[in-house]
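Here the structure comes first, spelled out in structure tokens, and everything after it is commentary.
The values are calculated or read from the model by the stated rules, or taken from the named source; none is laboratory data. Owing to the predicted nature of the structure, the values given are computational and were not obtained by experimental measurement. Here Cβ is always computed from backbone atoms with ideal geometry, including for glycine, and neighbour counts include all displayed protein chains. The accessibility values were calculated without ligands, DNA or RNA, using every heavy atom of the protein model including side chains. Shrake-Rupley method; radii C 1.70, N 1.55, O 1.52, S 1.80 Å.
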Amino acid sequence: IAMARFREAARMDPSFALAHFNIGNCHEILGRLDDAIGELEEAVAINPDHREAHTNLAIIYHFTKQLDKARAHFKRAEELGYRFHQETGEALKEATPKRRR
């Protein structure tokens, strides 16, 4: 029922980032990670400062081994004030390739 309500909200106002965020969360809970990514990416396209959407994207991308995307959203979420659990943050930082000088 919740997803139906969020979809209706997104249909009524496609620029309603929170509706896309919530649809993405519903998909994530149901294990539909590709669908979750699509909705969460839509949320950050509408609102680039949506900290929680960047956070969820970082976690899903990390889980699905899409590390470049995970790092980008991790960085943006931190810029927006999110503080990851220490183990999650360290895992994402360790996955970052070292740059040569």
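Numbers at a glance
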| item | result |
| --- | --- |
| Selection count, segment 38-72, where residues are of a type outside the set (Lys, Arg), part of a helix (DSSP H, G or I) and either in contact with a Gly (Cβ under 6 Å, 6 or more places away or on another chain) or open to solvent by 20 Å² or more (accessible area, probe 1.4 Å) (or both) | 15 |
| Residue satisfying all of: in segment 16-37; β-branched (Val, Ile, Thr) and more than 21 Å from Lys75 (Cβ to Cβ); surrounded by the fewest Cβ atoms within 10 Å (Cβ to Cβ) among these | Ile29 |
| Whichever residue in segment 47-77 is within 23 Å of Phe16 (Cα to Cα) and of a type in the set (Asp, Glu) and, among such residues, is nearest to the chain's Cα centre (by Cα) | Glu52 |
| Answer from Ile1, Ile29, Ile60, Ile46 - the residue that is touching an Asp or Glu at 6+ places or on another chain (Cβ under 9 Å) and among the β-branched types (Val, Ile, Thr) | Ile60 |
